[in-house]
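Shown next, in structure tokens, is the structure this report addresses.
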2 protein chains.
Amino acid sequence: MSLVVMKFGGTSVGNVERIRNVAQRCARVRREGHDVVVIVSAMAGETNRLLARAHEFGEIPDPREMDALAATGEQVTAALTALALQQQGVAARSLLGHQVRILTDDAFTKARIRAIDDTRITEVTRQGAVCVVAGFQGVDDAGNITTLGRGGSDTSAVAIAAAIDADVCEIYTDVDGVYTTDPNVSPAARKIPRITYEEMLELASLGAKVLQIRSVEIAMKYGVPIHVRSSFSDAEGTIVTSEDKFSRADMEAMTIAGVAYDKNEAKLTLTGVEDMPGVVAKVFGALAEKHVSVDMIIQNVATGGAGLTDVTFTVTKADLARAKAVINDVGPKVGMKGLLVDDQVVKVSIVGLGMRSHAGIAAKMFQLLAAEGINIQAISTSEIKVSCLMAAKYTELAVRALHTGFGLDAATVKEESA
Amino acid sequence: MSLVVMKFGGTSVGNVERIRNVAQRCARVRREGHDVVVIVSAMAGETNRLLARAHEFGEIPDPREMDALAATGEQVTAALTALALQQQGVAARSLLGHQVRILTDDAFTKARIRAIDDTRITEVTRQGAVCVVAGFQGVDDAGNITTLGRGGSDTSAVAIAAAIDADVCEIYTDVDGVYTTDPNVSPAARKIPRITYEEMLELASLGAKVLQIRSVEIAMKYGVPIHVRSSFSDAEGTIVTSEDKFSRADMEAMTIAGVAYDKNEAKLTLTGVEDMPGVVAKVFGALAEKHVSVDMIIQNVATGGAGLTDVTFTVTKADLARAKAVINDVGPKVGMKGLLVDDQVVKVSIVGLGMRSHAGIAAKMFQLLAAEGINIQAISTSEIKVSCLMAAKYTELAVRALHTGFGLDAATVKEESA
């Protein structure tokens, strides 16, 4: 008998029929003798519907009232899910953020969890009932309702799993796991049976939008195993866990876990700036001051002679206009000759713990790309990731070449089971 | 400067445009320098929509979950109303039942208020903000969300007005006040400018469905003046207050306040039962055991001779089937010869404090009905009310005759102002 947290997203509880299916699945787990805590999101579309109403009263409505409003979405699903479980003959009880006491800071619409009281959840499960908790919401010190921001229900689920020391946190979604790459780009993509928190963090931040990144951080911090799986099938999904849960053989077999891509970047190049100490600091200091997040940074070798150099960096497309304004302001002060902007770029990354023990992974990546005639515009590396910036038109070609080249294609893998 | 509670029902906040109107009205009162506490219901239709969803999961869903579900309706309106006020440039803050702390018992779906903490509401108004409170909801000792039952927002409003010692509790609705009778029945009906709590209680319980009866009881207990008025006009409505707020001249002028009717009753007559002590007790004891509420009771003079009598009583139509079952069970034990059932009846009542000081009001009522050839089937009286049961077909005729006969018609009243 174990203690299982099961989290269902908006699509999984999108209508009465789906809530019934969710209840059936939870009831089955409960009948197998496990203690069950269910975390639910608002029904698909509900949060947007609520927020649209709020926006009728101003462009930037008071975030405190937005949260009181938005939190009703999960409250409705939690009550309906409890009722659906009861209809299956399973005792169930819903709890809201302030009832559990999911204590957060008071940063309305993007609050962070400070502490979770496990008393009431444990009380409900001890009575043999399934505890259904409204995700996404908490309460601040003053008793105001807060929400955790988009995708916050994943965070609720993992944080609750950590607080009650659950054996596993199952995240039910509309995909059946984490894939080696985007199946829309490479039909050879395959489901990853097991992956480490670190790899998942790199994949998530690179655009494989399966799990909210904060939830993975919390899971890693508290050692909560996550099982990402489909709410529409019984197939095993992807287990996200710590490295020490992998056998030596597992580790040896793995080189890279997946290939990710991110089209949401834009590249800026300042040409002919002075190649002197402090110049780069001035540029990036000015960007930071205006809250522009910079991703990749490359300082090229001076090309124009006379102690001049080019500086290239990338920002998200959303920050591009702000970044341009900053550079047009600060550029002349460092002798900038020109500013080149390119938003037709893609960042393709390979991620895997294996690259720590396998030499030459980065070199192999460059070779594979070169063999396709793809020009690399910028490179950045971390311990378990290599990212290359290139023209956006190469996205599919690059992803497929790397996926095949690193032996990730479904057909090329002999032993797939974990 | 005074402290005003303003309560808006579901129709008054039925859509975004109407919420905007409500906010405008509240903003105006606030700008006049008053402290304002607003109580809102769920948007019209919302509660039914939520409960219909719950009923997808069983005929008698768990009342605890029903309350958690239903309470979201008022939560949405409260947040939207606060946002609408802010858009008007008026500081505003919403509070839910558990945030105010409207403490109730744990009778889910029909909870009763035990205590209201005035701390947070007062804190908000002291900061110069309008406090918008979600009506209809409370919280029990264990922190569960409760609701007060249909029309409970009136009760929330009056109870909060009592707790914060408000100068007036304004109940905004889709009618512009309390009328001397149903305007649909008598076009001569006119708005009553002032009425006592006692009269309002009798009128409300008799079917003039303007104010929830419990809210009037609370207002009377704590001496909270209620102003029932239209949310769609600025006209004065009806002030419900205590007798001592009326001048001697007011009291002298009044004979009766209004004429009410109730078609929701059914009459049962047990014929030929034994005219012995204990027989009636047996019949009504059995009805009480099955939770059948009996309204009027008449024991006729024995007609069949030989110590036999008839017993007549009325119940609500909803209870009729249950009442028949009880009588068919207990009747034979008291020698009942037959059971006559008539659900084509109406109870017409006149209500007024004036009848305490004016003799012969009941006699005048019987004369007015007799003059129209209306046969009275049963009579019941209280200190400030006389009710007559008659065939339902006489409803309009009786109401109009009494309304005219007691000088209530608009044209016959010379000084209408309060």
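Readers should treat all values here as calculations from the given coordinates under stated rules, not as data from a laboratory. Quick caveat, the model's predicted, so the values are computed rather than measured. All Cβ positions, glycine included, derive from the backbone under ideal geometry; neighbour counts span all protein chains shown.
Expressed to the nearest 5 percent, the antiparallel share of DSSP beta bridges inside the protein assembly as shown is 60 percent. Inter-label distance, B:Glu396 to A:Arg126: 6.7 nm, where each label sits 7 Å from its Cα along the C-beta direction.
Here the residues B:Val16, A:Val168, A:Val100, B:Val259, ranked from fewest to most Cβ neighbours within 10 Å of their Cβ, fall in the order B:Val16, A:Val168, A:Val100, B:Val259. Scanning chain B for DSSP H helices at least 18 Å long along the axis (C-alpha atoms) with a Kyte-Doolittle mean no lower than -0.5 picks out B:63-87. Put the Cα centre of region B:123-148 next to the Cα centre of region A:1-67 and the gap is 25 Å. Region A:286-405 has equivalent-ellipsoid semi-axes of 30, 16, 15 Å, by the square roots of 5 times the alpha carbon gyration tensor eigenvalues, sorted largest first. How many percent of the alpha carbon pairs in region B:176-300 exceed a separation of 20 Å? Counting every Cα pair in region B:176-300, those more than 20 Å apart make up 57 percent. Proximity of backbone amide H atoms, modeled 1.01 Å from N, is registered between A:Val38 and A:Met6, A:Cys131, A:Val132, A:Val133 at under 5 Å, excluding neighbours fewer than 5 places apart on the same chain. In terms of surrounding Cβ atoms within a 10 Å radius of their Cβ, B:Phe232, A:Phe246, A:Phe313, B:Phe108 rank from fewest to most as B:Phe232, A:Phe246, B:Phe108, A:Phe313.
Sorted from closest to farthest, the other copies place their B:Glu217 label points 5.4 nm away, with each point set 7 Å from Cα along Cα→Cβ. Peptide B:83-93 has a mean of 4 when you count, residue by residue, the C-beta atoms of other protein chains within 10 Å of its C-beta. On the rotation that sends chain B to chain A, the chain B Cβ lying closest to the axis gives residue and distance in whole Å as B:Thr72, 2.
Counted by Cβ distance under 14 Å from A:Lys263, the other residues give a net charge of -2, where Lys and Arg count +1 and Asp and Glu count -1.
Among B:Ala134, B:Ala281, B:Ala111, the largest mean-square fluctuation in a Gaussian network model of chain B, built with springs joining Cα atoms closer than 10 Å, belongs to B:Ala281. In angstrom, the C-alpha Rg and Dmax of region B:3-174 are 15.2, 50.
Computed over the alpha-carbon pairs of the protein assembly as shown, the distance histogram in 10 Å steps reads 2, 11, 16, 17, 16, 13, 9, 6, 5, 3, 1, 0, 0, 0 percent, short to long. Between the beta carbons of A:Asn184 and A:Ile379, assuming R0 = 35 Å, the FRET efficiency works out to 0.85 to the nearest 0.05. Entry for region B:306-372 at q = 0.12, 0.18, 0.21 Å⁻¹: log10 I(q)/I(0) = -0.56, -0.86, -0.93, Debye formula applied to identical alpha-carbon scatterers, no solvent contribution. Note: relative contact order over region B:3-174, using C-alpha pairs below 8 Å and six or more positions apart, is 30 percent.
The simple spin-label model puts a point 7 Å past each Cα toward its Cβ; for B:Ser293 and A:Glu56 those points are separated by 3.6 nm.
Derived from the Cα gyration tensor, the three semi-axes of the equivalent ellipsoid of chain A are 42, 28, 17 Å, largest first.
Bridge orientation summary for chain B: considering DSSP beta bridges with both residues in this region, about 60 percent are antiparallel.
Here is how far apart the B:Ala249 label points are across copies: 10.4 nm, shortest first, using a point 7 Å from Cα toward Cβ. Towards the positive end of the charge dipole of the protein assembly as shown, with charges on Cβ (+1 Lys, Arg; -1 Asp, Glu), say which of A:Phe57, A:Ser156, A:Ile116 has the farthest Cα. Toward the positive end, the furthest listed residue is A:Phe57. Taking every C-alpha pair closer than 8 Å and separated by at least 6 residues, the mean separation divided by the residue count of chain B gives a relative contact order of 13 percent. Listing A:Val90, A:Val273, B:Val158 from fewest to most neighbouring C-beta atoms within 10 Å gives A:Val90, A:Val273, B:Val158.
Under 15 Å Cα to Cα from B:Lys245, which aspartates and glutamates show up? Leave out anything in the same chain fewer than 8 places away. List returned: B:Asp167, B:Glu198, B:Glu199.
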